[in-house]
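**Q** Submitted below is the structure of interest, expressed as structure tokens.
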Amino acid sequence: VQLQAFGGGLVQAGGSLRLSCSASGRTDNTFIMAWFRQAPGKEREFVVAISRGGDNTRTSDSVKGRFTISRVNAQNTVNLQLNSLKPEDTAIYYCAASRSSWPTTASADFEFWGRGTQVTVSS
């Protein structure tokens, strides 16, 4: 599986962005999908995950109520809506896929990773 994330950019605090992750091959409901992020000088951290069928999600406390993940299995696409962005959301955002059991938020459980897309939030 190859993952490609896109949709990042520069936005002012309080603004919104929509990230998308396109998966090559037939993924359907084979994988748990998630977004992680890594800010400069910090470790990669979990952001949000969605179950294979799209009926369950896990969201980190730092983005709860602001970020929403969704997936369209027929299109092999996972989206991340980022609202009410803050400067501390600035990071490279990575989409990832896991064959592990639901739920999982550990980066070690995700076997496939996209290259990442930069999100920069100005104050």
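**Q** At 1.4 Å probe size, with no ligands or nucleic acids counted, give the accessible surface of D109 in Å², nearest ten.
**A** Rounded to the nearest 10, the figure is 60 Å².
**Q** Given R₀ = 22 Å, what would the calculated FRET efficiency be for N56 paired with Q81, taking r from the Cβ atoms and rounding to 0.05?
**A** 0.80
**Q** Largest first and in whole Å, give the semi-axes of the chain's equivalent ellipsoid, each being the square root of 5 times a Cα gyration tensor eigenvalue.
**A** Computed over the chain, the values are 22, 14, 13 Å.
**Q** What accessible area per residue comes out for the chain, rounded to a whole number of Å², with a 1.4 Å probe?
**A** It amounts to 51 Å² per residue over the chain.
**Q** Then there is this: A13 versus D109, label points 7 Å from Cα toward the beta carbon: distance in nm?
**A** Reported label-point gap for A13 and D109 is 3.4 nm.
The values are calculated or read from the model by the stated rules, or taken from the named source; none is laboratory data. Being a predicted model, the structure only gives us computed values, none of them experimental. All Cβ positions, even for glycine, are placed from backbone atoms using ideal geometry, and neighbour counts span all protein chains on display. Quick note on the areas: whole protein, heavy atoms, side chains included, nothing else; ligands and nucleic acids left out. Shrake-Rupley method; radii C 1.70, N 1.55, O 1.52, S 1.80 Å.
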